[in-house]
Amino acid sequence: MLNYDLVVVGGGPAGMAAALQAKEEGVEKIVILERAETLGGILEQCIHTGFGLHYFGEELSGPEYAGRFIAEVEKTDIDVYTDTMVLDVSKENVVTAVNNKDGLIQIKAIAVVLAMGCRERPRGALSIAGSRPAGVMTAGTAQKYVNIDGYMPGKKVVILGSGDIGLIMARRMTLEGAEVKVVCELMPYSGGLKRNIVQCLDDFGIPLRLSCTVIATHGKERLEGVTIANVDEKLKPIPGTEQYIECDTLLLSVGLIPENELSNGVGIELDRVTGGPVVDEYRETLHKGIFACGNVLQVHDLVDYVTEESKIAGKGAANYIFGKKQGGTFINTKGINGVRYIVPQRVNIENEEDVKLYFRVGQVYKGAKVVVECDGNILSSKKKVMLAPGEMENVKITPEMLKNMNENSEITVRIEE
Amino acid sequence: MKYDVAVIGAGVVGSLITRELSKYNIKVALLERANDCAMGATKANSAIVHAGFDAKPGSLKAKLNVRGVELMKVACEELNVPLKNIGAFVVAFSEEEIPHLQELLERGKENGVPGLEIVYRDELVKREPNIGDTAVAALWAPTSSIVCPYELTIAGLENAVTNGAEFLRNCEVKAIKQNNDSFTLETTLGEIEAGIVINAAGVHSGKVAEMIGDTSIEIKPRRGDYYLLDKSQGALAFSTIFQCPTKMGKGVLVSPTVDGNLIVGPSAIEHDDGDNVETTAEGLETVYTSAIKSIPAVSLRNAITSFSGNRAHCTADDFIIGSSEKNKNFINVAGIESPGLSSAPAIAEMVTGIVTELLGDVEKKSAFNPLRPAPVRFREMTSTQRAKLVEKNKAYGRIICRCETITEGEIIDAIHAPAGARDVDGVKRRTRAGMGRCQGGFCGSKVVEILARELNVPVNTITKFGGKSDIMYDKTK
Ligand SMILES: Cc1cc2nc3c(=O)[nH]c(=O)nc-3n(C[C@H](O)[C@H](O)[C@H](O)COP(=O)(O)OP(=O)(O)OC[C@H]3O[C@@H](n4cnc5c(N)ncnc54)[C@H](O)[C@@H]3O)c2cc1C
Ligand SMILES: Cc1cc2nc3c(=O)[nH]c(=O)nc-3n(C[C@H](O)[C@H](O)[C@H](O)COP(=O)(O)OP(=O)(O)OC[C@H]3O[C@@H](n4cnc5c(N)ncnc54)[C@H](O)[C@@H]3O)c2cc1C
């Protein structure tokens, strides 16, 4: 059995930022365990630009953004195991992993940071009727075929879902000579970033059909076409609006699910809305000494926020390792009236630093107010030009505000139109 | 090529027949039009080894089902295929349906099914806490089991090939010439000669019989749609939950699978194209609405895939097994709808009996080995076993499918096994790589790479399931 102060599971931007922050705080023995051949996580296949605008103040590609962190990690004495899959995290913080060089590895850790990222929602979750031929895949899989393996997965493409990966793949496939016929989105709005809709669809004349979905796939061996239809307010297909579209490829960009099998294994409580663990402001889960950050905690669309969140987790893990800041009085945060969820779900009122509450709204709002309230007192109220499900928002809670709270308090965030 | 026996169709029936025949000193070939075995009804059914109370007493279905249950235990043990004896309930949802249970109980007794009894709501709820509110009573069949139908087929074929049988894939029989004492099969792989032909072509068995002018078999395909739910839902039912059967089949069931998922289905839709396995929104809707009557907690949010299979329903309403009237050396094994999987080992026994009688003096192979070694299953091992395994072979230390924890070593084994995997779905059926929640999203491209490397072919020639099911096209610019 190996011994480390901190074990970081997953070497994407989240894992690396958490490890680096912990190092900066003075933690000595740190190891990152990564399943893939290299550090970098999902960013390694995102060769488009648009990363780091907030954090580095410049536009980088995915691999460039990851590269900066990889270089930082290499400068430190943080141990890195790549090609190493974590199989299990025990209640006693023993991490079991396996690779093809060292075989089975067991590590006793004081603290663990979970940074396993997320996976794409597959077709089954949608129950599209029809055949199951080759040529139906998630947008991320297609991205890997094109950007890493260098092969085109198809020539005539329909994309279901207007999440960011779908939008980016619409552009990428077009640039590679494929014809992207349409992007269908079930909801009356896109779940992707505004800038991606403009740069990936509008600039290439690719139609985006809102309130529209794929109801069936056709073709026995390779996909030959799909049937699309408009949907009503209850998201049910409207009879008579069916349209057949010939295509050999259907890309799905219908959402991401945090990768929490390991968290489930430890018995960590998950938030039903985010699909990630319930955490406090240092991203500590309800299991002592286990922290979570990045897409495993909540699905992010901007890597900059991933980095920010993960540094907080790294700091929290360091505090835990040094025995600082144990205990306290935790109160809950709650999203109501249009706010789908809040991370962190709990806050320690004895905290002496600013706490940012991140949240997403459930629909598009124009000119609405974000109101933060506790025990009948309005803590803040801010008007926003635009709020959309695709963009993560945040509000700040100061130590001064926390001082007036007690163990029965609850912080709510809501939208007022 | 000349064979003593050519078996057409590598479903569970053809594969187990081939294995049974490989016990004798004869030359046997199994001809399959697809790129792998188990590509027909065998890969898309309910996977239940029925107890045998449903079939009409005296029918071949009844006889072979009950005998099949016995032989299945032996076969699964020899082939190292998991068989789980979880039992089954047939549920009555109103007082009016109770006589129906009584009838099934009587029929079962007549067929020789042991242990049947009727239980009432209190007992039922104790054993199936998630059962629907309207369930009043149920027939309990303790000998009902579950098995993975394609795993059984793959294992049986693997064992047959180990014992000298040949497996010819991508070999579609297009026409059959009858010679004096043999047949010439015209196939996509050229001409093949055989002394005896066994027609185990599933939903196409009528068409294959017609190739020798035998028009006695009329198959009416009946499609059944299914949902498969995530493993987190596997414990919603502890045994197989049937509803009272109708004319169209055994109705919609809810059952755990051997791998711990929950299977829900099938619908029953008659149509003409036995190769059409497109699910329909209506079919899936029926499945869902019927299933929640049995287990209201079934939620489609946890569906990981949907699929459908075609029952080879025969207008004669029983299995048709025996020499064709047109030619005694042409043996039909047709109309093998449910309980075809359950009966398969018994069908193999019966057909082999017919073959050996036709051949007269045939010797048993002294070297026949009935055992098929269990494949490595990393996910089921303890830490100590895993450590030892990786020590011996590092390929077992590289996890390819993260949802199901499948290693590169297991995938390599599946490719190099006798009658091994040649495509992505073949690897999936043998190892479960890509069968988990993400449905191959992460590991699909890695499996393609490993297949290409191990088979020594370019990556863009690897398909999802043979034919034109290409995954990648040209290189990017
Ligand atoms: C396709 C795509 C396009 C995007 N486009 C943009 C964009 O244009 N601009 C932008 O700013 N942001 C973008 N994002 C968002 C942002 O880049 C991601 O949210 C961010 O990379 C998430 O970081 P992470 O470390 O949480 O997850 P990941 O990057 O997914 O890293 C998780 C790592 O954990 C590893 N892992 C998982 N399980 C195990 C285990 N059991 N053992 C060992 N290792 C394990 C994985 O292999 C992976 O490397 C995009 C995201 C995606 C998915
Ligand atoms: C919806 C459904 C549910 C069922 N549930 C159960 C159950 O719970 N329990 C049970 O016992 N049974 C069940 N069954 C029945 C069982 O699945 C079948 O009886 C069994 O799989 C039939 O196997 P087979 O080998 O005869 O046919 P198949 O598996 O269909 O195999 C026939 C093979 O022949 C090949 N072929 C066809 N034509 C040619 C040709 N010209 N040349 C070469 N190859 C050819 C096909 O490609 C195919 O691989 C169910 C069936 C269905 C459809």
Open item on the list: Suppose the filter is out of contact with any Phe, Trp or Tyr (no Cβ under 6 Å at 6 or more places or on another chain), away from ligand 2 (no atom under 16 Å from the Cβ), over 28 Å from B:Glu278 (Cβ atoms) and of a type in the set (A, V, I, L, M, F, W, C); does A:Leu193 pass it?
Closed with: yes
Task: From the options A:Ile238, A:Ile257, residue that is surrounded by 14 or more Cβ atoms within 10 Å (Cβ to Cβ), within 14 Å of chain B (Cβ to nearest Cβ), more than 30 Å from B:Ala34 (Cα to Cα) and not aromatic (Phe, Trp, Tyr) - done: A:Ile257
Task: Residue list for the range B:1-35, filter: among the charged types (D, E, K, R) and farther than 27 Å from B:Asn65 by Cβ - done: B:Lys2, B:Asp4, B:Lys27, B:Arg33
Task: Of residues in the range A:120-136 being more than 7 Å from chain B (Cβ to nearest Cβ) and not small (Gly, Ala, Ser), the one surrounded by the fewest Cβ atoms within 10 Å (Cβ to Cβ) - done: A:Leu126
TODO: Quick one: in the range A:281-294, of everything that is outside any strand (DSSP E or B) and either within 16 Å of ligand 1 (Cβ to nearest atom) or under 18 Å from the mean Cα position of the chain (by Cα) (or both), which residue is surrounded by the most Cβ atoms within 10 Å (Cβ to Cβ)?
DONE: A:Cys293
Open item on the list: Being within 14 Å of chain A (Cβ to nearest Cβ) and either touching a residue at least 40 places away in the same chain (Cβ under 8 Å) or within 11 Å of ligand 2 (Cβ to nearest atom) (or both) is the requirement here; does B:Lys43 meet it?
Closed with: yes
TODO: Specify which of the listed residues (B:Val351, B:Val376, B:Val333) is away from ligand 1 (no atom under 16 Å from the Cβ) and within 14 Å of chain A (Cβ to nearest Cβ).
DONE: B:Val376
Task: Elements of type helices (runs of 4 or more DSSP H) in the range B:362-477, at least 3 residues being β-branched (Val, Ile, Thr) - done: B:408-416, B:424-431, B:444-455
Task: Out of A:Gly289, A:Gly265, A:Gly276, sole residue that is at pLDDT below 95, away from ligand 2 (no atom under 16 Å from the Cβ), assigned by TED's automatic domain parsing to the domain that holds A:Ile30 and under 16 Å from A:Val89 (Cβ atoms) - done: A:Gly265
Open item on the list: Which numbered condition in (1) assigned to a loop (DSSP other than H, G, I, E, B); (2) touching a strand residue (DSSP E or B) at 6+ places or on another chain (Cβ under 9 Å) is the only one that B:Asp36 fails?
Closed with: (2)
Task: Failed criterion for B:Gly52 (all others in (1) outside any helix (DSSP H, G or I); (2) closer than 30 Å to B:Leu185 by Cβ hold) - done: (2)
Open item on the list: Considering only residues that are at pLDDT below 95, crowded, with 17+ Cβ neighbours inside 10 Å and within 14 Å of another protein chain (Cβ to nearest Cβ), which ones fall in the range A:21-47?
Closed with: A:Arg35, A:Ala36, A:Gly41, A:Ile42, A:Glu44, A:Gln45
- [ ] Residue by residue through the range A:210-226, note down the ones that are more than 11 Å from chain B (Cβ to nearest Cβ) and either out of contact with any strand residue (DSSP E or B) (no Cβ under 8 Å at 6 or more places or on another chain) or aliphatic (A, V, I, L, M) (or both).
- [x] A:Leu210, A:Val214, A:Val226
Task: Residue check for A:Val80: of a type in the set (Val, Ile, Thr), touching a residue at least 40 places away in the same chain (Cβ under 8 Å) and either in the same structural domain as A:Glu309 (by TED's automatic domain parsing) or surrounded by 20 or more Cβ atoms within 10 Å (Cβ to Cβ) (or both) - done: yes
Task: Considering residues of the range A:241-254 that are crowded, with 17+ Cβ neighbours inside 10 Å and not in a strand (DSSP E or B) only, the residue modelled with the lowest pLDDT - done: A:Val254
TODO: Would you point out which residue out of B:Gly340, B:Gly274 is on the phi < 0 side of the Ramachandran plot and within 14 Å of another protein chain (Cβ to nearest Cβ)?
DONE: B:Gly274
Task: the range B:1-29 - residue that is outside any helix (DSSP H, G or I) and touching a Cys at 6+ places or on another chain (Cβ under 8 Å) and, of those, surrounded by the fewest Cβ atoms within 10 Å (Cβ to Cβ) - done: B:Gly11
Open item on the list: With the requirement that a residue be at the interface with chain B (Cβ under 9 Å from one of its Cβ atoms), farther than 21 Å from A:Ala14 by Cα and polar (S, T, N, Q), what does the range A:88-119 give you?
Closed with: A:Asn99, A:Asn100, A:Gln106
- [ ] Select, from A:Glu58, A:Glu28, A:Glu37, the only residue that is without any contact (Cβ under 8 Å) to a residue 40 or more places away in the chain, farther than 22 Å from A:Leu302 by Cβ, assigned to a loop (DSSP other than H, G, I, E, B) and more than 9 Å from ligand 1 (Cβ to nearest atom).
- [x] A:Glu28
Task: Elements of type strands (runs of 3 or more DSSP E) in the range A:324-417, at least 3 residues being surrounded by fewer than 20 Cβ atoms within 10 Å (Cβ to Cβ) and under 24 Å from the mean Cα position of the chain (by Cα) - done: A:393-397
Open item on the list: Which numbered condition in (1) surrounded by fewer than 22 Cβ atoms within 10 Å (Cβ to Cβ); (2) away from ligand 2 (no atom under 16 Å from the Cβ); (3) away from chain A (no Cβ under 14 Å); (4) more than 23 Å from the chain's Cα centre (by Cα) is the only one that B:Gln385 fails?
Closed with: (3)
Task: Filter result for the condition that a residue is in contact with a helix residue (DSSP H, G or I) (Cβ under 9 Å, 6 or more places away or on another chain), within 16 Å of ligand 2 (Cβ to nearest atom) and not hydrophobic (A, V, I, L, M, F, W, C), over B:Gly112, B:Gly156, B:Gly132 - done: B:Gly156
Open item on the list: Just to verify a result, which residue in the range B:1-40, among those that are within 8 Å of ligand 2 (Cβ to nearest atom) and among the aliphatic types (A, V, I, L, M), is farthest from the other protein chains (Cβ to nearest Cβ)?
Closed with: B:Val13
- [ ] Name every residue in the range B:251-260 that is surrounded by 21 or more Cβ atoms within 10 Å (Cβ to Cβ) and not hydroxyl-bearing (Ser, Thr, Tyr), in order of residue number.
- [x] B:Val252, B:Leu253, B:Val254, B:Pro256
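So that you can scan it fast, the table gives a plain yes or no per residue for (1) surrounded by 17 or more Cβ atoms within 10 Å (Cβ to Cβ); (2) more than 9 Å from chain A (Cβ to nearest Cβ); (3) within 14 Å of A:Ile128 (Cα to Cα):
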| residue | (1), (2), (3) |
| --- | --- |
| B:Leu284 | yes, no, yes |
| B:Thr289 | no, yes, no |
| B:Ile295 | yes, yes, no |
| B:Val298 | yes, yes, no |
| B:Phe307 | yes, no, yes |
| B:His313 | yes, yes, no |
| B:Asp317 | no, yes, no |
| B:Ile320 | yes, yes, no |
- [ ] Would you tally the residues in the range B:102-130 being assigned to a loop (DSSP other than H, G, I, E, B) and farther than 30 Å from B:Thr42 by Cβ?
- [x] 1
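The values are calculated or read from the model by the stated rules, or taken from the named source; none is laboratory data. Bear in mind that the values here come from a model prediction, so they are computed numbers and not experimental data. A quick note on method: Cβ atoms are made from the backbone with ideal geometry, for glycine too, and the neighbour counts reach across all protein chains shown.
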